[in-house]
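**Q** Take a look at the following structure, please.
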Amino acid sequence: MAPYASDILHTSDRASLDILLILNGMGIPGRIIPALLADRVFGPMNMLIPTALLSGLLLLCWIAIHSYGGLIGFLVVLGYFAAGVQSLFPSTLSSLTTDLRKMGTRVGMVFTVYGLATLTGPPIGGALITAYGGGYLHAQLFAGLCLCCGSALLVVARQVKVRGALVKKV
C-alpha cells in the first residue's frame, strides 16, 4: 500500500508511513471482534468465509481508489477484514481436525503452504507491477482474485465437513 500511495497517488514518505499505521491499527479490532463472533455465535469457518470473501472483494475495489482520502477510508475497512482473516485461519484449521493427535501435523502442513504463498505473493505482485510499466491493476487483480478463489475453496471445505448442511456451526 505504501508504494502505491507514493507511486500512484504521489504522497509524501510520511503519508506512506501513515498508511501502514492505519492498516495495522485497524487490525487490532479486526483480530478481536471476528474471533469473538466466531467463538460465541457462528463458528470459525462460518466467520472466515465471509471475512475472506470481503477481503478479496475489497482488494478488487482497490482498483477504483484514486485519491489519498479514498485510500485512507479503504484501508480502515481492509485492515479490519484482512486482520480477521489472519486471526480466524488457525482456529478454523483446528475446527476441521477431529483427531487431536493429527493437529500438529495438519497445522504444520497448512502453515507450510501458507508460508509459501506469503513468500511468493509479494514478488509475484512486484513482477506484475514491473511487467506492466508500474501500473498496479494486474497486481490488484491477482491479490483480490487469489483471496476470492481461496474463499470459494473454503466454501467447498465447509460443505464437505458438514455434508451439505446449510445451517451448522463450523
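**Q** Apply 1/(1 + (r/R0)^6) to the Cβ-Cβ distance of residue 120 and residue 165, taking R0 = 25 Å, and write down the FRET efficiency to the nearest 0.05.
**A** With a Förster radius of 25 Å, E is 0.10.
**Q** Given Cα positions, please report Rg to Rh for region 105-170, the hydrodynamic radius being the Kirkwood one.
**A** 1.14
**Q** Let me ask something additional. What is the calculated FRET efficiency for residue 42 to residue 127, with r their C-beta to C-beta distance and R₀ = 30 Å, to the nearest 0.05?
**A** 0.20
**Q** List the equivalent ellipsoid semi-axes of the chain in whole Å, largest first, each obtained as the square root of 5λ for an eigenvalue λ of the Cα gyration tensor.
**A** Semi-axes, largest first: 32, 18, 14 Å.
**Q** Taking 25 Å as R0, compute the FRET efficiency from the Cβ-Cβ separation of residue 68 and residue 111 and round it to 0.05.
**A** 0.10
**Q** Give the relative contact order (percent, whole number) for the chain; include only Cα pairs under 8 Å separated by 6+ residues.
**A** 30 percent
**Q** Still on this model: Name the shape class, rounded, prolate or oblate, that the alpha-carbon gyration tensor gives for region 1-56, where a ≥ b ≥ c are the square roots of its eigenvalues, rounded holds for a/c under 1.5, and otherwise prolate holds if a/b is larger than b/c and oblate otherwise.
**A** oblate
**Q** Still on this structure, please answer the following. Springs between alpha-carbon pairs under 10 angstrom, Gaussian network model over the chain: which of 142, 111, 81 fluctuates most?
**A** Comparing 142, 111, 81 in a Gaussian network model of the chain, the most mobile one is 111.
Readers should treat all values here as calculations from the given coordinates under stated rules, not as data from a laboratory. If you're wondering where the values come from, they're calculated on a predicted model, not measured in any experiment. Every residue, glycine as well, gets a Cβ built from its backbone with ideal geometry; the counts of neighbours run over all protein chains shown.
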